[in-house]
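Down below is the structure, laid out as structure tokens.
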Amino acid sequence: MSTSYAVAIVGATGAVGREMLRVLEQRRFPCGQVTLLASHRSAGRRLPFRDGEIEVRELDDAGRAFEGVRIALFSAGAQTSLKYAPLAARAGAVVIDNSSAFRMDPDVPLVVPEVNFAAALDRPRGIIANPNCSTIQLVVVLGPLRAAAGLRRVVVSTYQAVSGAGARALAELDRQTRDDADGRIPTADVLPFPIHGNLLFHDVKDPSGYTEEELKIVHETRKILGDAALRITATCVRVPVRVAHSEAAWVELERPMTVAQARALLARSPGIEVVDEPAARRYPLPRELAGTDAVFVGRVREDASVPGGLAMWIVADNLRKGAALNAVQIAERLVVRGL
Ligand code: A2P
């Protein structure tokens with residue numbers, strides 16, 4: 001009989017948590033017992049899994065639910081992770097945490113399997129961090145470019161889907177769209193302003209004027225690529241798309257590549273699909289790519305304004321490769337090694 005692993009999902013009722021459950025099922029992850037945890041608001045709710053349903057339990061203060069769990073996937077916000085991830089690790093689980101709580105902790109590896117899986121094997125706290133959604137799809141592309149040609153500088157602008165702000169934000173977008181069509185003025189409760197027909201920024205808490213999200217891209221990309229001095233800057237924008245983040249990225253390579261060479265390199269790199277036939281209007285579309293697993297690259301072209309410059313468009317499902325799928329891919333590779 002093949003080995004199976006008891007899995008817990010913390011935040012199972014959220015946009016990412018639900019996707020984690022789907023991804024485990026779709027990829028036939030060798031789950032033994034599956035424990036679904038959320039706040040008291042969701043206790044007793046039942047979520048479909050395989051041929052049946054699993055009842056959601058409340059995460060209790062003592063973290064008793066983690067007894068016997070081998071893999072704990074967390075996506076219930078940084079506060080919940082700070083409190084409960086160490087409890088789960090102490091109970092013997094490998095924690096894969098989708099929140100920002102531990103990403104910059106030097107004792108917690110920050111992992112995108114295609115780029116730096118080996119880092120996941122050295123985890124002094126028993127916790128592995130899943131990067132920010134926008135960072136993941138960017139580094140899947142930067143990794144092979146850096147390995148082949150060296151990176152001098154990266155400039156990225158994101159176009160981030162509403163589902164990245166959670167299930168309640170997505171419901172708010174849907175309500176605002178209906179209200180607008182019915183002639184009512186859309187109002188906002190979850191995001192600071194209406195997102196329907198609009199473009200928003202994340203909050204600025206840093207004196208530099210950069211948003212939290214922009215700083216995450218900068219610091220997380222440097223950590224994953226192991227290049228603390230990488231020159232990188234970001235502008236992050238929330239757009240009224242339901243699922244799949246898009247990014248316009250400009251890279252300056254140490255050793256210039258032609259567009260054809262870059263396309264060929266990316267097409268053979270793990271986790272990437274190149275969709276780039278400009279004459280046929282073939283390029284990555286977020287609406288079409290929601291629900292898929294790869295990082296899609298298109299519109300590759302020379303940026304003639306700098307030596308070694310390339311511009312491109314990068315799209316990925318933020319709930320899957322940007323969150324749930326990346327976490328499960330880490331777990332899959334750990335399982336192959338016996339954790
Ligand atoms: P609940 O649905 O019971 O509120 P999203 O990012 O889509 O908003 O989802 C957040 C997830 O985190 C949900 O599953 C939510 O559960 C869960 N969550 C939020 N706060 C807590 C908490 N204090 N303890 C456990 N789960 C929490």
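Give me the pairs, please: first residue somewhere in the stretch 27-56 and within 17 Å of F74 (Cα to Cα) and away from the ligand (no atom under 16 Å from the Cβ), second residue anywhere and open to solvent by less than 40 Å² (accessible area, probe 1.4 Å) and part of a loop (DSSP other than H, G, I, E, B), beta-carbon distance under 9 Å, and either six or more positions apart or on two chains. Listed by first residue and then by second, the contacts come to Q33/V69. Considering each residue of the stretch 257-269 in turn, at least one proves to be of a type outside the set (A, V, I, L, M) and open to solvent by less than 60 Å² (accessible area, probe 1.4 Å). The one condition from (1) assigned to a loop (DSSP other than H, G, I, E, B); (2) open to solvent by 10 Å² or more (accessible area, probe 1.4 Å); (3) within 16 Å of the ligand (Cβ to nearest atom) that R103 does not meet is (3). Out of everything in the stretch 106-123 that is part of a loop (DSSP other than H, G, I, E, B) and either among the acidic types (D, E) or more than 15 Å from L334 (Cα to Cα) (or both), what residue ends up being least open to solvent (accessible area, probe 1.4 Å)? Among those that are part of a loop (DSSP other than H, G, I, E, B) and either among the acidic types (D, E) or more than 15 Å from L334 (Cα to Cα) (or both), it is V108. Being open to solvent by less than 30 Å² (accessible area, probe 1.4 Å), part of a helix (DSSP H, G or I) and out of contact with any His (no Cβ under 6 Å at 6 or more places or on another chain), is that true of even one residue in the stretch 202-213? No. Does R153 fit the bill of being of a type in the set (K, R), in contact with a Lys or Arg (Cβ under 8 Å, 6 or more places away or on another chain), open to solvent by 20 Å² or more (accessible area, probe 1.4 Å) and outside any helix (DSSP H, G or I)? Yes, satisfied. Scanning the stretch 276-298 for residues that are touching a residue at least 12 places away in the same chain (Cβ under 8 Å), loosely packed, with under 15 Cβ neighbours inside 10 Å and more than 20 Å from the chain's Cα centre (by Cα) returns P278, R282.
Taking the conditions (1) within 15 Å of L36 (Cβ to Cβ); (2) away from the ligand (no atom under 13 Å from the Cβ); (3) open to solvent by 40 Å² or more (accessible area, probe 1.4 Å) in turn, R70 satisfies each one other than (1).
So, E247, is that one part of a strand (DSSP E or B) and open to solvent by 10 Å² or more (accessible area, probe 1.4 Å) or not? Considered against the rule, which asks whether it is part of a strand (DSSP E or B) and open to solvent by 10 Å² or more (accessible area, probe 1.4 Å), E247 comes out as no.
Rundown of residues vs (1) free of Cβ contacts under 8 Å to residues at least 60 places away in the same chain; (2) within 16 Å of the ligand (Cβ to nearest atom), yes/no style:
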| residue | (1), (2) |
| --- | --- |
| D107 | yes, no |
| V112 | no, no |
| V115 | no, no |
| A120 | no, no |
| C133 | no, yes |
| L142 | no, no |
| S157 | no, no |
| R168 | yes, yes |
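Among the residues of the stretch 1-26, those that are within 15 Å of the ligand (Cβ to nearest atom) and part of a loop (DSSP other than H, G, I, E, B) comprise G11, A12, T13, G14.
Which is open to solvent by less than 70 Å² (accessible area, probe 1.4 Å), in a loop (DSSP other than H, G, I, E, B) and on the phi < 0 side of the Ramachandran plot, of V218, V190? Walk me through how you get there before you give the answer.
Details: V218 fails: in a loop (DSSP other than H, G, I, E, B).
Going through V218, V190 in turn, the sole match is V190.
When you look at S81, is it surrounded by 24 or more Cβ atoms within 10 Å (Cβ to Cβ) and on the phi < 0 side of the Ramachandran plot, yes or no? Considered against the rule, which asks whether it is surrounded by 24 or more Cβ atoms within 10 Å (Cβ to Cβ) and on the phi < 0 side of the Ramachandran plot, S81 comes out as yes.
The values are calculated or read from the model by the stated rules, or taken from the named source; none is laboratory data. Only a predicted model underlies this, so the values are computations on that prediction, with no experimental measurement involved. When we count neighbours, we look across all protein chains shown, and the Cβ atoms used for this are built from the backbone with ideal geometry, even at glycine. Quick note on the areas: whole protein, heavy atoms, side chains included, nothing else; ligands and nucleic acids left out. Shrake-Rupley method; radii C 1.70, N 1.55, O 1.52, S 1.80 Å.
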